[in-house]
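So the structure is just underneath, and the comments pick up after that.
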Amino acid sequence: MFYTSTRDNSIKLTASEAVLKGLSDDGGLFVPSEIPQLTKSLREISEMSYQETAYTVMKDFLFDYTEDELRNCIERAYDSKFDTEEIAPLVEAEGTYYLELFHGKTIAFKDMALSILPHLLTTAARKNKSDKEIVILTATSGDTGKAALAGFAGVPGTRIIVFYPKGGVSKVQELQMITQKESNTKVIGVKGNFDDCQSKVKELFGDAELKEKMAEAGFQFSSANSINIGRLVPQIAYYVYAYGKLLKEDRIKDGEKINICVPTGNFGNILAAFYAKNMGLPVNKLICASNDNKVLFDFFKDGVYDKNREFILTDSPSMDILISSNLERLIYLSTGCDAAKNKKLMESLKTKGIYDIKDSFAKVKDQFVGEFADWNDCSGKIKSLYEETGYVIDTHTAVAAASYDKYVKATGDYTKTVIASTASPFKFARSVMKAIDPAYEKEDDFKLIDVLSKTANVEIPNAINEIRTSPVVHDTVCEIADMKKLVMENIGIE
Ligand SMILES: *Cc1c(COP(=O)(O)O)cnc(C)c1O
């Protein structure tokens, strides 16, 4: 087994090399040469702790990490930073299972991978005898930024620079980031949308001149974005864990297929579910749920990916994305792992904003269903779920839940379903409360957090209490064109 690039099949790397590099020099993403199969039975998995499951799932993907190294990374990641020993609890409501992925430090699912990535990266650096300081460069639609900052803050041998679209993230998301204290962190607002930030960051990764200057000064880039396989692989674990939980609690029979519904933006989380399925987890359909930026919904209809459309700011900002980077890994598979063909498609995306895989679409189509939900669907779902069960979900999870309802209505498929619950409602309190009662729209975010706590009968998470009093330490705002300059300034090269 090895890792190759989706744009150049001559590349052959170990897992730790791929984690360390993040993105291939040709602009492609690293993919495993094969998808390992689960080495434990579902019954055995159902008796495992989260940490044990994570080890079982990750070990064959991260094949050159020793058992000690990997177990050590897992132990340091999934500890008391999480507010529950289960790490990812499964909550039943209206016969559907919500897999709560928001019990980490920054109360969004990005913590699941970003708690472990710094450890995987620093271990990879040690294994590959790299003496360079790792510079993490990240574009965020809101949640990645804070989760990455929290993961890397104070980690020796690393520094992190986060770019976010100024005005394109929630107030809580912005405050979480700009109050980050540690001196190896830098947060910068950009006048542009998430796709602008992400495209520029990708460009900087591929900037040969910049890379050379950095190397001379003793630095190397790596990526904390979901394009890094060090983020993708840990995300596979919770789907396997969820299945084990359902089995242990007798909710399903051994081997029974489940559906998995994921609120999707960059296609990272659902791709992890796809890997879980292809490792042998019994999964029927992967339901890919989009918000109004429904480029993926359209893609799964006919195999045409077309980003030429208006970018819509929604109440699920972490999914406001028109270029779903991780989809490239699926496209690559659909071409029969033909890197040259995939490269052409991605070039077409870059120059024309469109590509089509109609001729090879059949290879991937059967495993996925696209759905989407607008604000009307989502707010209706948040409100009805709350009124029927008392359970309050966030706006991203609501995209999945409302999409799932539409799917069931359209297909009559009552297969037991796990919905990825990707953020705590406290992170998006204003939107959540206005769904329950539009009168709340005008209230202050922090006041609504108190109201939400009473409404949902859930304690306010630490992550929220912290930002109420923390001073703002990052106030830089820049144009897209200045991002490179600011990176160079931050690491002290001109
Ligand atoms: C990032 C994020 C998503 C989208 O996940 P992808 O892996 O980018 O598809 C959904 N919900 C929340 C809350 C997120 O932070």
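Ignoring ligands, DNA and RNA, what percent of the 1.4 Å accessible area of region 1-68 is carbon and sulfur? Don't jump to the answer; show the numbers that get you there.
Values: 1270 of 2750 Å².
Carbon and sulfur: 46 percent of the exposed surface of region 1-68.
Highest first, please rank the peptides 302-313, 100-111 by the mean number of other Cβ atoms sitting within 10 Å of their residues. Kindly include the intermediate steps, with their values, before the conclusion.
Details: 302-313: 14.1, 100-111: 26.6.
Ranked from most to least packed, the peptides come out as 100-111, 302-313.
If you find the alpha carbon centre of region 417-477 and of region 88-155, how far apart are they in angstrom?
20
From zero up to wherever the largest Cα-Cα distance of region 76-119 sits, split into 5 Å bins and tell me the percent of pairs in each.
Calculated over all Cα pairs of region 76-119, the distribution is 6, 25, 29, 20, 11, 6, 3, 1 percent.
Which entries of Lys171/Lys191; Lys248/Lys427; Lys200/Lys447 have Cα-Cα distances beyond 25 Å here? If you can, show how the numbers build up before the last one.
On the way: Lys171/Lys191 16 Å; Lys248/Lys427 31 Å; Lys200/Lys447 37 Å.
Result: Lys248/Lys427; Lys200/Lys447 exceed 25 Å.
In the chain, if every C-alpha pair distance is counted and binned at 10 Å from zero, what percent goes to each bin?
In whole percents, the pair-distance histogram is 4, 21, 33, 29, 12, 2, 0.
How large is Rg/Rh for region 202-290, to two decimals, with Cα atoms and a Kirkwood Rh?
On the way: Rg = 18.4 Å, Rh = 15.4 Å.
My calculation of the ratio gives 1.20.
Just the projected area, averaged over all directions, of the convex hull on the alpha carbon atoms of region 387-465: how many nm²?
Working: hull surface 23.6 nm².
Projected area, direction-averaged: 5.9 nm².
Is the shape of region 348-494 rounded, prolate or oblate, going by the alpha carbon gyration tensor and its root eigenvalues a ≥ b ≥ c, with a/c under 1.5 for rounded and a/b larger than b/c for prolate? Numbers along the way, then the final one.
Working: a/c = 2.51, a/b = 1.05, b/c = 2.40.
Oblate.
Give me, ordered by chain and number, the residues 5 or more places off Ala224 or on other chains with an amide H under 5 Å from its own placed amide H.
It is Leu137, by chain and number.
Compare the peptides 392-398, 92-98 by average per-residue count of other Cβ atoms within 10 angstrom and give them in order, highest first.
On the way: 392-398: 30.1, 92-98: 16.3.
Descending packing order for the listed peptides: 392-398, 92-98.
If you count only protein heavy atoms with a 1.4 Å probe, what accessible area per residue comes out for the chain, rounded to a whole Å²? Write out the running numbers ahead of the final one.
On the way: 18600 Å² over 494 residues.
It amounts to 38 Å² per residue over the chain.
Which peptide among 131-143, 29-41 comes first, and what is the full order, when sorted by highest mean count of other Cβ atoms within 10 Å? Could you put the intermediate results ahead of the total?
Values: 131-143: 22.6, 29-41: 16.5.
Output ranking for 131-143, 29-41: 131-143, 29-41.
Cα atoms only, region 130-264: Rg and Dmax in Å?
For region 130-264, the Cα radius of gyration and maximum Cα-Cα distance read 18.4, 58 Å.
Please give every one of the lysines within straight-line cross-link reach of Lys245, meaning a C-alpha to C-alpha distance under 24 Å, and leave out same-chain neighbours fewer than 8 residues apart.
Of all the lysines, those that pass the test against Lys245 - Cα under 24 Å, at least 8 places apart if same chain - are Lys40, Lys59, Lys81, Lys105, Lys110, Lys253, Lys257, Lys277, Lys285, Lys416.
The values are calculated or read from the model by the stated rules, or taken from the named source; none is laboratory data. None of these values were measured; they are calculated from a predicted model. Every residue, glycine among them, receives a Cβ derived from its backbone with ideal geometry; neighbour counts consider all protein chains shown. Side chains are part of the model used for accessible areas, which takes the heavy atoms of the whole protein and leaves out ligands, DNA and RNA. Shrake-Rupley method; radii C 1.70, N 1.55, O 1.52, S 1.80 Å.
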